[in-house]
Structure formats: structure tokens, C-alpha cells
Amino acid sequence: MNVTHGWKILQIVAAQAGWKAIYCQESANQQVKISHRVIICWALVDAVGAGDAHGTEVRGIVQESSRLGIVGDSLATGNTGDQETKQNQYFIGYNDPDAHKESDFWIEQANLRIKAEKGE
């Protein structure tokens, strides 16, 4: 059993090339920035602690600096050198390599997620 940041990994399988986890971030001037991380593999995981409300899920595994991370709802990224961006990136979905979703779709999803985070 492997426990990583609130998730117990039950099984890992290879990811098809081209899958990405899509994140959004709002800058200090309220511009929306879309970014992505390449999915390296998929993991079947169980939530550990804090109510265990999630149950069993499939989550992507991505490279985070010098370690692997399980795709979660948000990432604490800190401020960039220009101090223009806020600290969290929010996960908004997985981009299927066959779907080729356009940037307009992800910008709409980002705006919805940021509004939800602000409680609007």
C-alpha cells in the first residue's frame, strides 16, 4: 500500500500518450491563465483521512518538480517572480488526446471554477 498526500494508491496503469491535466489560475489583474501537466500514468486511489468522502477514484499522475503527484483539486504554486499571479492553480479537467478541445472550452471552464472558488 502506498499513501501519497491523502490518497492510498491501489493500482497504477500506463496512460496513453497525449493525456493532460488542465489547470487554471487567476492573476492579480483578474486575467485567466490556463496551464497543463502531462499525465504519466493513471492511479486507482482511495481517499485517506478527513472524512474519506471521495471513495475510490481514478486520478492522473503528473510530474511535479522532482516528484510525482496525484492530480488534485488545486495546487499551491506560490508567487511567480513578477508577483502577478495568486498562489493556487485549480484543476479543471483532463484533456483527452483524441478530443482536441479548443482553448475557448478551457477558458469557460476556468471562469466557472474561479467563480466557484470565490463563492460567486
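The values are calculated or read from the model by the stated rules, or taken from the named source; none is laboratory data. Fair warning: this is a prediction, and the values are worked out from it, not measured in the lab. Glycine gets a Cβ as well: all are built from the backbone with ideal geometry, and neighbour counts include every protein chain shown. Just so you know, the surface numbers come from the protein's heavy atoms only, side chains and all, with ligands and any DNA or RNA stripped out. Shrake-Rupley method; radii C 1.70, N 1.55, O 1.52, S 1.80 Å.
Overview of values
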quantity: Of residues in region 75-98 being over 13 Å from CYS24 (Cα atoms) and at pLDDT below 75, the one nearest to the chain's Cα centre (by Cα); calculated: GLY78
quantity: Residue list for region 59-72, restricted to those being at pLDDT below 80 and exposed (fewer than 11 other Cβ atoms within 10 Å of the Cβ); calculated: SER65
quantity: Filtered residue count, region 95-119, keeping only those that are open to solvent by less than 60 Å² (accessible area, probe 1.4 Å) and of a type in the set (Phe, Trp, Tyr); calculated: 1
quantity: Complete set of residues in region 10-38 that are modelled with pLDDT of 90 or more and either farther than 23 Å from GLU117 by Cα or part of a loop (DSSP other than H, G, I, E, B) (or both); calculated: LEU10, GLN11, ILE12, VAL13, ALA14, ALA15, GLN16, ALA17, GLY18, TRP19, VAL38
quantity: Unmet requirement for CYS41, which otherwise passes all of (1) under 19 Å from ASN88 (Cβ atoms); (2) modelled with pLDDT of 95 or more; (3) not aromatic (Phe, Trp, Tyr); calculated: (1)
